[in-house]
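Here's the structure we're looking at; comments come further down.
The values are calculated or read from the model by the stated rules, or taken from the named source; none is laboratory data. Small disclaimer: the values here were computed from a predicted structure and weren't measured. No Cβ is skipped: glycine too gets one built from the backbone with ideal geometry, and neighbour counts run over all protein chains shown. The accessibility values were calculated without ligands, DNA or RNA, using every heavy atom of the protein model including side chains. Shrake-Rupley method; radii C 1.70, N 1.55, O 1.52, S 1.80 Å.
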Amino acid sequence: MNDQLPHHYREIIRGVGEDPDREGLLDTPARAAKAMQYLCHGYQTSLEEVVNGALFASDNDEMVIVKDVELYSLCEHHLLPFIGKAHVAYIPTGKVLGLSKVARIVDMYARRLQIQENLTRQIAEAVQQVTNAAGVAVVIEAKHMCMMMRGVEKQNSVMSTSVMLGAFRDSYNTRHEFLQLIGRSH
Ligand SMILES: [Zn+2]
């Protein structure tokens, strides 16, 4: 960890009008710095490390879909959490990813300062890059604390973003099948 981080949190505590030396706040700068570093641990990892060779030969060329991957991220505009689910699908062309790897790819990009649109695209492009898939689809649905806790205070608004690559972009039927499987098609 950057050893200046606790010091900066101390200044934030002072900045909001609190006394960083009162008993309940004494250890807060160190704890908050540690928490923030955890929430941003995606910067310490690369796609290669996450996948770590867990690519397996397969003659399956049907859609592989991983639904409801829990997602915790921080919006880069307010440093407040956004929380939701990612749905990821791809159409293999000879290689499939190990089961847990899609979730780990989601986590690697989510654990950074993000906007939801870029996060969605980064996940799609990463899956495309490692699998050389015929198509990749990613949908993210998330609630943003910066919407819920401040400003407009829209408590129940869910933001939905999607990125469709390859076959998911070119074929209505493929896209439709995916959206149906994640329950987003009417
Ligand atoms: Zn925000």
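Taking region 66-81, which residues are within 8 Å of the ligand (Cβ to nearest atom) and in contact with a helix residue (DSSP H, G or I) (Cβ under 6 Å, 6 or more places away or on another chain)?
75, 78, 80
What is the one condition in (1) under 21 Å from residue 164 (Cβ atoms); (2) within 16 Å of the ligand (Cβ to nearest atom); (3) touching a helix residue (DSSP H, G or I) at 6+ places or on another chain (Cβ under 8 Å) that residue 84 does not satisfy?
Failed condition: (3).
Collect the residues in region 13-36 that are open to solvent by 70 Å² or more (accessible area, probe 1.4 Å) and in contact (Cβ under 8 Å) with a residue 12 or more places away in the chain, keeping them in residue-number order.
Answer for region 13-36, where residues must be open to solvent by 70 Å² or more (accessible area, probe 1.4 Å) and in contact (Cβ under 8 Å) with a residue 12 or more places away in the chain: just 34.
Matching residues to (1) within 24 Å of residue 183 (Cβ to Cβ); (2) aliphatic (A, V, I, L, M); (3) open to solvent by 20 Å² or more (accessible area, probe 1.4 Å):
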residue	(1), (2), (3)
64	yes, yes, yes
68	yes, no, yes
120	yes, no, no
125	no, no, yes
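Of all residues being surrounded by 13 or more Cβ atoms within 10 Å (Cβ to Cβ) and part of a loop (DSSP other than H, G, I, E, B) in region 41-57, which is farthest from the ligand (Cβ to nearest atom)? Just the residue, please.
Taking the candidates together, the pick is 54.
Condition check: touching a His at 6+ places or on another chain (Cβ under 9 Å), crowded, with 19+ Cβ neighbours inside 10 Å and in contact (Cβ under 8 Å) with a residue 60 or more places away in the chain. Does residue 144 satisfy that?
For residue 144, the condition - touching a His at 6+ places or on another chain (Cβ under 9 Å), crowded, with 19+ Cβ neighbours inside 10 Å and in contact (Cβ under 8 Å) with a residue 60 or more places away in the chain - is met.
Checking the conditions here, which among 81, 92 is open to solvent by 10 Å² or more (accessible area, probe 1.4 Å) and either at pLDDT 95 or above or not assigned by TED's automatic domain parsing to the domain that holds residue 35 (or both)?
81
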